[in-house]
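The values are calculated or read from the model by the stated rules, or taken from the named source; none is laboratory data. A quick note: this is a predicted structure, and the numbers were derived from the prediction, not measured. Cβ placement follows ideal geometry from the backbone for every residue including glycine, while neighbour counts extend to all protein chains displayed.
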């Protein structure tokens, strides 16, 4: 295209001088030179542009090639990494699977060995059972033969007796049955007498428990002399201030505390009588504060008693919480905690009931752990088993039933409720916890020194038991065992017969009942043995 336009321009320039004669030759030459220069410049510019475009294309191609190589290299590296990662995961999965397969193989081998051993044991047991069966069949056959022989001998004996005694078989049978009836009646009388004696002892023990519990739960005014507290005072003039004008102070104190104030000629002491231990403790603390303060009048009495009562409620709350924390149990309902705290002021045969409940809970935990039972449930049942003793006489019923109703009302489990209700046999045992509570309760109550006995009293009771046993003729040795719960008597076989030994054991038991005072029951065991010694020379 550029060459065609240049040729057209040259043709036009060549025609100019012939058309216009006045056109200057120099100007034409200049124009031609300009045209040639322009053509050359255009060619040079086109060549430069073409060279630049080729250079840019080469650079672009080179850059594209480098980028493609970089992308290819990155893709290859990523692919290698993914391949390595996949290979590692496959190797891990393969290793884990191999381990699982190895464990399964080991279990199968162990199980196979166990099955083989059991099969061998079964084969051995089958052989033993077959041998026992054969021996039993032989013994049975021998016994049957002996029975037939015995029947023959009995028939022969009956015939001989009938011929000697001049009695028929029916008369002999009647006499024999009469003799057996007399022996059975004698044995039945002895057994009934033993059952009756045991029932009387148990009934007396149960009656003592029921009466003592009823007296403790009932804080009536007629029994105020059974439990007292003494407050020491300095000076006899304090007694007059306690009584007040026309007795208004003492009446206000008794009305506020619910206890009886006894002021007599005893020097330096005022006696507070009340069977409710919580009220008695409040009254004692309030009286000490009033005496220390010196201001004794009805308004001050009510203020001090209210303050002490509030502090006593806090002390009761703390005592219940400390018992729960000591056993490591989960939190209980607030009312149950208060009732547990009140047990701190209750006693059974001088044994603190809260400490007794904690001890029962600890014993329950030990026995439950041995039996693979829930230790927490066992502790809760042991701690709450006597909570019915914390309520007063207004709630009627046995303390086990009352306590079960209370803890059921506050969300305790059925196992704990049944254990509390059944630990004295009022209701049947549903699970093992009721039986464990009964056992732990007996263990805690029967240990030496637990129930109103000092060491000296315990030693004296043991000595008295041995003294009573040795007071009978024919006794060789006598030992008090099981913390004074059993008396073992050894008699001389030449002086005491078996029948006399039974009678002597009963007489010793009756003498112990008459002369000694003790909680629970004492077992008398009579031992009579004959030893024959001979020397071979």
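Scanning the stretch 490-502 for residues that are in a helix (DSSP H, G or I) and loosely packed, with under 13 Cβ neighbours inside 10 Å yields 498, 499.
Being at pLDDT below 65, in the same structural domain as residue 267 (by TED's automatic domain parsing) and under 55 Å from the mean Cα position of the chain (by Cα) is not true of residue 212.
Of the residues that make up the stretch 268-286, is at least one surrounded by fewer than 13 Cβ atoms within 10 Å (Cβ to Cβ), in contact with a helix residue (DSSP H, G or I) (Cβ under 9 Å, 6 or more places away or on another chain) and either in contact (Cβ under 8 Å) with a residue 40 or more places away in the chain or at positive phi (or both)? The answer is no, given that none of the residues of the stretch 268-286 is surrounded by fewer than 13 Cβ atoms within 10 Å (Cβ to Cβ), in contact with a helix residue (DSSP H, G or I) (Cβ under 9 Å, 6 or more places away or on another chain) and either in contact (Cβ under 8 Å) with a residue 40 or more places away in the chain or at positive phi (or both). With the structure loaded, tell me whether residue 334 is farther than 30 Å from residue 243 by Cβ, in contact with a helix residue (DSSP H, G or I) (Cβ under 9 Å, 6 or more places away or on another chain), modelled with pLDDT under 85 and outside the structural domain of residue 417 (by TED's automatic domain parsing) or whether it fails that test. In short, yes. When 50, 97 are checked against the criterion of being assigned to a helix (DSSP H, G or I) and at pLDDT below 85, 50 stands alone in meeting it.
Scanning the stretch 386-414 for residues that are farther than 23 Å from residue 445 by Cβ and in a helix (DSSP H, G or I) gives 405, 408, 409, 414. Among 157, 241, which is within 30 Å of residue 303 (Cβ to Cβ), in a helix (DSSP H, G or I) and either modelled with pLDDT of 70 or more or assigned by TED's automatic domain parsing to the domain that holds residue 290 (or both)? Among 157, 241, only 241 is within 30 Å of residue 303 (Cβ to Cβ), in a helix (DSSP H, G or I) and either modelled with pLDDT of 70 or more or assigned by TED's automatic domain parsing to the domain that holds residue 290 (or both).
Residues that are more than 26 Å from residue 354 (Cα to Cα), assigned to a loop (DSSP other than H, G, I, E, B), touching a helix residue (DSSP H, G or I) at 6+ places or on another chain (Cβ under 9 Å) and modelled with pLDDT of 75 or more: does the stretch 245-263 have at least one? Within the stretch 245-263 (the criterion being more than 26 Å from residue 354 (Cα to Cα), assigned to a loop (DSSP other than H, G, I, E, B), touching a helix residue (DSSP H, G or I) at 6+ places or on another chain (Cβ under 9 Å) and modelled with pLDDT of 75 or more), the answer is yes, since at least one residue qualifies.
Can residue 300 be described as surrounded by fewer than 19 Cβ atoms within 10 Å (Cβ to Cβ), at pLDDT 80 or above and in a loop (DSSP other than H, G, I, E, B)?
Spelling it out, it is not the case that residue 300 is surrounded by fewer than 19 Cβ atoms within 10 Å (Cβ to Cβ), at pLDDT 80 or above and in a loop (DSSP other than H, G, I, E, B).
Within the stretch 506-534, restricting attention to residues that are surrounded by fewer than 17 Cβ atoms within 10 Å (Cβ to Cβ) and touching a strand residue (DSSP E or B) at 6+ places or on another chain (Cβ under 9 Å), the residue that is farthest from residue 485 (Cα to Cα) is 529. Within the stretch 252-289, the residues that satisfy the criterion of being out of contact with any strand residue (DSSP E or B) (no Cβ under 9 Å at 6 or more places or on another chain) and closer than 30 Å to residue 391 by Cβ are 252, 255, 256, 258, 275, 276, 278, 279, 282, 285, 286, 289. Tell me whether the stretch 362-380 contains one or more residues that are at positive phi and touching a residue at least 12 places away in the same chain (Cβ under 8 Å). Within the stretch 362-380, not a single residue is at positive phi and touching a residue at least 12 places away in the same chain (Cβ under 8 Å).
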